[in-house]
Structure formats: structure tokens, C-alpha cells
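> Below you'll find the structure I mean.
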Amino acid sequence: MDYAKLERTLSLGDVQRLADIGEGQFIEFKRRVPDARRLAKEVVAFANSNGGHVLIGVNDAGNVVGLRDAHEEIYALSEALESHCYPRVHYTLERVEIAKRREVVVIKVPESEGKPHYVIEPDEPMRRTAYVRVRDMSIEASREARRLMRTGTDSNVKFEFGDKELLLMRYLDEYQRITVAQFARLADIPSKRASHTLVLLTRAELLQLHPDPAGDYFTLARNRAA
């Protein structure tokens, strides 16, 4: 458990407050321990985004019901995450007693400095999928999202601002958002080049990428739009 720490810092009141907030960008509920791949998907999505908590022993309605003999699940949880997450994700596990022999297991996942992380199949390590957190969902990360995870942003990134970039900015001034496919059609360029341009302008902090279940889109960066 090199990548997991077992802590006891949360109280029942803390768990109840998290449950009261409800599922969303930073919180996921599980009534019972899910299968390894499903659990890895939630943890990877939080690590690739802004971090979050997985509460095991809380149902979809936000009721804190707990697990019986949760200590038996800790080892299996750790093994599942370490075998299905690549690179391995740093996280903490906490057991919070809510009644005699009933506990909630809280997995706290910080935003990772080593993203993107992927969910893998132990027997097929080349089959891997990255996920990100969007509201109360963990969705597959797009090619553009993965590229930005690897490179990050830098306002000093150099690029050539030509006619197609000017066309893009005018479009965003009028319509606020654009997808890779829309930009490719607008500028009459291949999708690969459209993707590269949008990612480059996002790296330069002129645009902002918004992952979305219906398809990622780009907007002007908040500081520029203001």
C-alpha cells in the first residue's frame, strides 16, 4: 500500500456533511464496494480532475448506511486500485464508524501531479482509458483533454496567430463555444489540425477546454473573456 495511506481523521459528522452535500464534482457515493474497474474509474476521474471523495457505505439518496466489517474490504480495495490504475494513484483510505460493526469507507483522492491516469485491465495493460470528472459523472477523457493533462498550460507558449485563429476568435465572440469538429468545418482544415490548434491556444491560456458528456467544447478563457 505504498500509494495508499490509512488515516482516521474524519468523524461521523464529517461523513454526514459530505453526504448532505450530495454527489457532484467532488463527491461520489457507493452503497457497497463496486467491482474493481468501476471503482478505479471513479478514482482515476478524480485524480485527473480536481480531486474528490468516494464514500462507500452511502446510498444514492445520500443516506449513510455503512458497511458491515469494513476492515475486510480495505485490502481488496487497495489491491483493486493498484492493479487497475496506471500510473498508480495516490489516495488515502479512512474508516469511519457509524454504529457497532458498521463503518463508512472514505477514499480521498487529491488532484494528481502525474496525470493523465488510466484504468487498465491487469491482463491487458495496453487497453487503457482515461476518465475525468464532470458534475456527478466520470466520463472518458477526450484526446484534447489527455494532451492538456500531459502538457499543462503556459501563457508564454509561442504560436502563430493567423487567419484561421482570427476566424476562431471572431466565432467565439459571437457564439461563445466551439468543438473540434465545428472549428475544422469553419476553417476548412483537417480535424487533427483543428485539435492541435485548439489545444495550443488552450495551453497559451487564450481558450478553456470544457469536458462534457455530449462532447468537449472550447470557450474563451475566463481572464480573456472578462
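The values are calculated or read from the model by the stated rules, or taken from the named source; none is laboratory data. Keep in mind the model is a prediction, meaning the values are calculated, not measured. Glycine also receives a Cβ, built like all others from the backbone with ideal geometry; neighbour counts cover every protein chain displayed.
> Return the residues of segment 182-226 that are closer than 17 Å to LYS158 by Cβ, touching a residue at least 24 places away in the same chain (Cβ under 8 Å) and of a type outside the set (A, V, I, L, M, F, W, C); say none if nothing qualifies.
Listed by number, the residues that qualify are THR197, THR202, ARG203, GLU205.
> Among the candidates ILE27, ILE21, ILE56, which residue alone is more than 20 Å from HIS117 (Cβ to Cβ) and at pLDDT 95 or above? Step through it out loud before you land on a result.
Details: ILE27 fails: more than 20 Å from HIS117 (Cβ to Cβ); ILE56 fails: more than 20 Å from HIS117 (Cβ to Cβ).
ILE21 is the lone residue from the list that is more than 20 Å from HIS117 (Cβ to Cβ) and at pLDDT 95 or above.
> I'd like to check which strands (runs of 3 or more DSSP E) are fully inside segment 107-226 and have at least 1 residues that are within 20 Å of HIS90 (Cα to Cα). Write out each step before concluding.
Values: elements: 118-121, 124-134, 137-140, 207-210, 217-220.
Correct list: 118-121, 124-134, 137-140.
> While we're on this one: Just to be sure before I move on: is ARG101 modelled with pLDDT under 95 and under 30 Å from ASP14 (Cα atoms) in the structure I sent? Quick ask: steps written out before the conclusion?
Values: modelled with pLDDT under 95: yes; under 30 Å from ASP14 (Cα atoms): yes.
So ARG101 fits the description; yes.
> So which of GLU28, GLU82, GLU42, GLU23 is in contact with a helix residue (DSSP H, G or I) (Cβ under 7 Å, 6 or more places away or on another chain), acidic (Asp, Glu) and in contact (Cβ under 8 Å) with a residue 40 or more places away in the chain?
Values: GLU82 fails: in contact with a helix residue (DSSP H, G or I) (Cβ under 7 Å, 6 or more places away or on another chain); GLU42 fails: in contact with a helix residue (DSSP H, G or I) (Cβ under 7 Å, 6 or more places away or on another chain); GLU23 fails: in contact with a helix residue (DSSP H, G or I) (Cβ under 7 Å, 6 or more places away or on another chain).
Sole residue among the options that is in contact with a helix residue (DSSP H, G or I) (Cβ under 7 Å, 6 or more places away or on another chain), acidic (Asp, Glu) and in contact (Cβ under 8 Å) with a residue 40 or more places away in the chain: GLU28.
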